[in-house]
Every structure is written in C-alpha cells, then in structure tokens.
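Chemist: Pasting a structure below so you can have a look.
Please treat every number below as a calculation from the coordinates, not as lab data. A quick note: this is a predicted structure, and the numbers were derived from the prediction, not measured. No Cβ is skipped: glycine too gets one built from the backbone with ideal geometry, and neighbour counts run over all protein chains shown.
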Amino acid sequence: MADMRFQAEKAAHTEIPRPKRAEGQWALGYTEPLNKNEQSKKDDDPLNVRDRILYTYSKRGFASIDPADLRGRFRWMGLYTQRAPGFDGGKTATVPEEELDDSYFMLRVRSDGALLDHEAVRALGTIGVDFARGTADVTDRENIQYHWIRIEDVPAIWERLDAAGLSSLEACGDSPRPFLGSPVAGVSKDEIIDGTAALDEIKRRFIGDPAFSNFPRKFKTALTGHPGHDVSPETNDISFVGTVHPEHGPGFDLWVGGGLSTNPKLAARMGVWIPLDEVADAWEGVASIFRDYGYRRLRSRARLKFLVADWGVEKFREVLEKEYLGRTLVDCPSPETPTGHRDHIGVHEQKDGRFYVGLAPTAGRVSGSMLVELADAIEAHGAAGARLTPYQKIVVIGVDADQVEPLVARMDAIGLQARPSNWRRNTMACTGIEFCKLAIVDTKDRARDLVDELEQRLPDLDVPITVNVNGCPNACARTQVGDIGLKGQLVMHDGEQVEGFQVHLGGALGLNANFGRKLRAHKVTSAGLGDYVTTVVGNYLVDRADDGEDFA
Ligand code: SF4
C-alpha cells in the first residue's frame, strides 16, 4: 500500500504537473485523506471486514456492528443496508422513526459472465428461498441481488456460495465491481473472439487483492468478443471489445472512461489492440492509473471518466505505456461497427449446433423459487447452464434441438419468456424505493405494471423501443441510454408533490450511441406514465418516415 501511495517520481517521469489544488491523487503525493470515505479506507483495508463479519458481527448480531464497517466497508463484501420497511424518506412518516427496522441487508453476488451450471443456479435459488424471503433479482451488472438478509445468516450464505464457486467479494464499494462478460461467450456463431479466459484471469489475479481494493470510487469492467457489443461497453470504466486487427487477427479494442450517473460520459476508444493473453496486464495498468492518479477529493468527481476527460486519450495511453506496461501498444486502426442483437432473447443456434435460449423476466424481477425451477429445467433438459446479461435477462446455454421447445414452455410457465413482447423485452428497472435508500420513487412494481399496460395498449410494436426506469439520478438502470429514460423524482401534480419521472428521450447504445435529451416539459407522474409512453410512441408511429426512421 505504501508503495502505491508514494509515486511522485512516476509523475515527474511523465511530467504531470502537481495541481495547485489537491485532488487527492496519490501519484502526485497527496496521500492525506480529503474526505471521510478516504479516511475510512485508510483507517482499515475494507477487505478486512470479512473476518469481522464471520467471527464477530454474525455471532453478536446487528447491534454489534461498528458504524464505519456498516456504512462503508460492508460494501466490499457485497452488503448494503436496505431501506427500512415503512421508510419513505420522511415524506409522510408512515412509520415512526424509532419503529423502523433497518437491520436487513441487500446482498449482491457477482457472476462475472461465468456459465452457471444447474448446481450453481440451484444454490443461488435456495439462498433466496432460505435466507432472503424469496427474493433474487437479476441486475444489469450480471449479479443476483438478494434482500432481507440478516447478518447472522451471512456465514452460511457465503459457505453455500463458495461451494458453488460464487462470491459476493467486491460486489460493491470502491473496488473492481462485478465484470460484464458476453452472455454467449464461446457459443455464439458469429463471435469474434471468446474472452472467457481473460475475464477469469483478471478475476483470479485481482479480486480480493489489497493492491486493488482502494480505488477512488467504483471501477466497472466489461469484456466481449461478440459483434453486438453485448456488454454495454460504452458505459463502463474499462471495456475490452472484440475486434479483428488486419495484421494481428482477433483481439480487443480498449475503451476507457465510460460511466453514467451525473455527468455521464461514453467510454473513449484508446486506439489500441490487446491480444487475449495481454488483457489482464492491460486491465492492471488501467486500474493502477485509476488508483494512483484518480481524483479522491470529491466523490462526485472520483470516477475514471473525469481523469480521462481531463487528460485525453493520448496522454492516458502515454502514461499507460510508459509507466505501467513498459512497452508500446499496437495501434487499432478501425473501430468495429456493432451488428446484431445485444440482449440474446429468443432461440439461437450455437456454433456447435446446439441452441441458446434468452429468457426475459419482467424488469429483472426473478425469485429464489424461479431460480430453483430454472436449475431443475437446466438439469432435466440437459443444458450446459445459464448466464446473466447486462439487460437483466437470463440465457440458457447448450440446449439440444429437441429440448428447445419443452424448455421454452416450461420457462414460460414461470414467467421467463423466450418470446416476450417488446415491452417485456426492453424494459429495465433499478432497485427503487422498495429497498434502495437513495431512491425517490418506486421502480420495479411500476415497471411491471407499465409493461402489462403497454402490452394491452401497444401490442403490435414493430420496432424495439427501450424503457429504462430509475428511482433517482444515479442511473443504475442507465437512464441516459434508453429510448425512453426515466429518472425518478418528485413532480408537482394538482399542487402536490407526487412520485414521478424526468424523461430523457432518444438515448442509445451501439452504432448511434448517445445520451437521451432531457426535455424540461417532459416530467410525468408515476400514475400518468402509461398514458405518456402510449402518446409518445403513438406519435412516433404516426409521424415516422417511410425509410424505417428509428425512435431515437
Ligand atoms: Fe437506487 Fe437510484 Fe440506483 Fe435506483 S438509480 S438503484 S434508486 S441508487
């Protein structure tokens, strides 16, 4: 730790001036914590909280937890305190504060793009049933997220996860957050390159490593070799995107500095080609730059995107090559144009002649019992396993031709549809007010009702239109890149503040990636959301040009 905090000589090497105002950049010698988050991380490596959970807090109960661990370091173990039942941010005081019970946790389990066999899926499902009041949502970072977790149960949960080869380590916090991997890695017919080995290598070398457990803020990784760019690479801190170099062949285009929330930025292409066996080294270099040069003064400016914006990609590349890799990277001349679908919904033939089946729950809402049923189906129908997707979906991998329709029917019966409507397929929602302490409005239930309503009112939509429902400005369900992006806030209605959304229209990922426009007049109450979407989409259908003009 000391080594990485004192790298002023490195800064001198690349002539990076020491700014007058300290941004808390370790490499420039600013090693004194400038806010309480930095102080907490300096006081004790957050990874150390694992043993306290196992051997102290789980035995002595919630009241024994050190507040600095509870509000801070627990996140490195994938644990957040969840919004207390009845807590509504003080708006109506439905439950007196002294009666609020906020001793429960949300727990995120990372999948990192891995293929989950039936035993792993069953373990995930039974944890939901046994410890989480049946909850088990699929998040847009390929996690399973539980609610209602008690501290006393965490050791048993970790034991089951460990047995299934899974973990919640660094699923939250200022750490290498769960990786997004292509849900169809290794099986897609049109895959450019299978990046599975590289993701495994990054995970093996760096997750749980104290050298990478104290970033300025979260650090999100995505990697895909699929031509559809199916891991939302534009919105991650570091992304490896499959490409074919004219001389060197298949490898990865390196992108850095993407992120949404406030001050959203699309990732910038570094213009370099990384071969499969050098991906982990490149990841280490970029992560190290973030750790050493990232801004630590203000949490709101601490993501990598701010450093990339200030430096520009040329300087970023120079520092990466000279200080961290010690060699020049290969230029990557031509950006690939994404092609094909990104969400993998439906039935698709694999390169080995079997099939993968993409299933859509509604807005990521799954449950422990659904996962158990999924595990039973994977086993009964002889499939290889399942992967989670960045679109809150599930893809069953390796299904024999004669098992496809029986599997599809069985999943359909439990609400996992392989042939969903546009609305069920393309609506995402973040956690929202049900469990998230930062939320302003309800999201999951609202999204489910919206899907039901739109399936009735606009059943025959012939183009995909995405709806991203978010409970606050943090954009966990990617407000800015949905066709219809919804940011939760209170809006005025008949002289009263009620739950509603600021609308962002026309956002997109992929070929025409851009942020939706925030239209001041487009604020809608939660109750009026169905009418609003019906009107906007109805107008588009009437007014669109004959040449297939898309919604954005
Ligand atoms: Fe919570 Fe806001 Fe993120 Fe939704 S967008 S999960 S409400 S922090």
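Chemist: Percent antiparallel among DSSP beta bridges with both residues in the stretch 99-253, to the nearest 5?
Modeler: 65
Chemist: Further, regarding this structure: Only four residue types carry charge here, +1 at the Cβ of Lys and Arg and -1 at the Cβ of Asp and Glu. Report the dipole size of the stretch 383-519 about the Cα centre in Debye, rounded to the nearest 20.
Modeler: 580
Chemist: When only Cα pairs under 8 Å and 6 or more residues apart are kept, what is the percent relative contact order across the stretch 186-319?
Modeler: 23
Chemist: Ok, one more. What does the highest-first list of 224-233, 471-480 look like by mean Cβ count within 10 Å?
Modeler: Ranking the peptides 224-233, 471-480 by packing returns 224-233, 471-480.
Chemist: Assigning unit charges at the beta carbon (Lys, Arg +1; Asp, Glu -1) and nothing else, what dipole magnitude in debye, to the nearest 20, does the stretch 108-147 show about its Cα centre?
Modeler: 160
Chemist: Return the whole-Å distance between the Cα centroid of the stretch 387-418 and the Cα centroid of the stretch 357-374.
Modeler: The stretch 387-418 and the stretch 357-374 have Cα centres separated by 9 Å.
Chemist: List the Cys residues of the chain that have no partner Cys with a C-beta closer than 4.7 Å.
Modeler: Cys172, Cys332, Cys436, Cys472
Chemist: Any chance you could count the Lys pairs in the stretch 147-303 whose alpha carbons are under 22 Å apart, treating pairs 8 or more apart or on different chains as valid?
Modeler: Values: Lys203/Lys218; Lys203/Lys220; Lys218/Lys265; Lys220/Lys265.
Taking the Cα cut-off of 22 Å, the pair count is 4.
Chemist: Which Cα, out of Leu254, Pro67, Leu374, lies furthest along the positive dipole direction of the chain (beta carbon charges, K/R +1, D/E -1)?
Modeler: Pro67
Chemist: Sticking with this structure for a sec: Give me the percent relative contact order of the chain, please, defined on Cα pairs under 8 angstrom at least 6 residues apart.
Modeler: For the chain, the relative contact order is 13 percent.
Chemist: So, one more: Based on the mean of other beta carbon atoms within 10 Å per residue, what is the order of 460-469, 139-148, 517-526, 295-304, most packed first?
Modeler: 139-148, 295-304, 460-469, 517-526
Chemist: Can I ask one more? Arrange the peptides 421-431, 368-378, 50-60 so that the one whose residues have, on average, the most other Cβ atoms within 10 Å appears first.
Modeler: The packing order, highest mean first, is 421-431, 368-378, 50-60.
Chemist: Distance between Cα centroids, the stretch 114-132 to the stretch 244-273: provide it in whole Å.
Modeler: 33
Chemist: Please name which of Phe355, Ser182, Phe501 has its Cα lying farthest along the dipole of the chain towards the positive end, using unit charges on Cβ (Lys, Arg +1; Asp, Glu -1) and the Cα centre as origin.
Modeler: Phe501
Chemist: Something else now. Straight-line reach from Lys437: which aspartates and glutamates have a Cα under 16 Å away, not including same-chain ones fewer than 8 places off?
Modeler: Leaving aside aspartates and glutamates fewer than 8 places away in the same chain, those within reach of Lys437 are Asp88, Glu97, Asp101, Asp102, Glu499.
Chemist: Let me ask you something else. Would you work out the charge dipole size for the chain about its Cα centre, treating the Cβ of every Lys and Arg as +1 and the Cβ of every Asp and Glu as -1, and quote it to the nearest 20 debye?
Modeler: Dipole of the chain, to the nearest 20 debye: 1880 debye.
Chemist: How big is the gap, in Å, between the Cα center of the stretch 471-497 and the Cα center of the stretch 159-188?
Modeler: 29
Chemist: Quick check: residue separation of Ala521 and Val498 times 0.36 nm, minus the Cα distance between them. What number comes out in nm? Don't jump to the answer; show the numbers that get you there.
Modeler: Details: separation 23, 0.36 × 23 = 8.28 nm, distance 1.63 nm.
Length difference between fully extended and current span is 6.7 nm.
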